[in-house]
Amino acid sequence: AQKVTQAQTEISVVEKEDVTLDCVYETRDTTYYLFWYKQPPSGELVFLIRRNSFDEQNEISGRYSWNFQKSTSSFNFTITASQVVDSAVYFCALSERYNFNKFYFGSGTKLNVKP
Amino acid sequence: DAGVIQSPRHEVTEMGQEVTLRCKPISGHNSLFWYRQTMMRGLELLIYFNNNVPIDDSGMPEDRFSAKMPNASFSTLKIQPSEPRDSAVYFCASSLALANEQYFGPGTRLTVT
């Protein structure tokens, strides 16, 4: 079974629209970490955020915000007022206590922001 | 600060040839990871090292793949002999400690013809 599910394969929005990328995870551990990475067309993977399972506070960083809800096992990512430079593939990942070094990546959501 | 450095950035080789990919982790990081990314399988963890010691190589697809980390600042991933199905982007990543975020290199795009 998939540990991290990103059901949205591809999303297209027009610049300045808000967009939310969904991430649903599955784990039996009570201690775990969640991550988001961005992969722009140039190909490198860029770290965006890490969240531990004990901290459910939402996080905001500029136009980016993350909503962590343990009750629904979700860690969603919202981009406010999207820009063309936000066009990329976004990956959600999970690591669990029994092996923190092993990241389970979702299949990614490709975001297209059109001018 | 320098990020993770990988070389070469692109490699084109013929089936049956040996391929060696190289990685220099971020200075001070003690964990190093090799991933493979393909359209079909997404991002797959091949192997990771902690303090230069291989910890988990369960993701290495076959005996044709091998990885070494002779010191804290250098690692290699070798494929011998290479096959067309090995064509992919290979990423190296490093992290400072357990459960810390991993920082990825730019990747090596391997094409085996």
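The values are calculated or read from the model by the stated rules, or taken from the named source; none is laboratory data. Every value quoted in this text rests on a predicted model; they were computed, and no experiment measured them. All Cβ positions, glycine included, derive from the backbone under ideal geometry; neighbour counts span all protein chains shown. We work out accessible area using only protein heavy atoms, side chains counted, and drop any ligands, DNA or RNA first. Shrake-Rupley method; radii C 1.70, N 1.55, O 1.52, S 1.80 Å.
Odds and ends about this structure:
- Note on the stretch B:58-109: residues that are open to solvent by less than 60 Å² (accessible area, probe 1.4 Å), more than 18 Å from residue B:6 (Cα to Cα) and within 11 Å of chain A (Cβ to nearest Cβ) amount to 5.
- Unmet criterion (only one of (1) open to solvent by 50 Å² or more (accessible area, probe 1.4 Å); (2) at negative phi) for residue A:62: (2)
- Considered as a group, the residues in the stretch A:1-16 that are part of a loop (DSSP other than H, G, I, E, B) and among the charged types (D, E, K, R) include one that is surrounded by the fewest Cβ atoms within 10 Å (Cβ to Cβ), and that residue is A:16.
- Among the residues here, residue A:93 does not qualify as under 26 Å from residue B:106 (Cα atoms), open to solvent by less than 60 Å² (accessible area, probe 1.4 Å), in contact with a Pro (Cβ under 6 Å, 6 or more places away or on another chain) and of a type in the set (A, V, I, L, M, F, W, C).
- Condition met for residue B:47 (touching a residue at least 60 places away in the same chain (Cβ under 8 Å) and touching an Asp or Glu at 6+ places or on another chain (Cβ under 9 Å)): no
- Checking each residue in the stretch A:17-48 for being open to solvent by 50 Å² or more (accessible area, probe 1.4 Å), assigned to a strand (DSSP E or B) and more than 14 Å from chain B (Cβ to nearest Cβ) picks out A:20, A:24.
- Sole residue being surrounded by fewer than 19 Cβ atoms within 10 Å (Cβ to Cβ) and within 14 Å of another protein chain (Cβ to nearest Cβ), chosen from B:47, B:5: B:5
- Filter result for residue A:75 (surrounded by 20 or more Cβ atoms within 10 Å (Cβ to Cβ), touching a Lys or Arg at 6+ places or on another chain (Cβ under 8 Å) and over 25 Å from residue B:49 (Cβ atoms)): yes
- Residues that are facing chain B (nearest Cβ under 10 Å), charged (D, E, K, R) and within 19 Å of residue A:61 (Cβ to Cβ) number at least 3 in none of the strands (runs of 3 or more DSSP E) confined to the stretch A:76-115.
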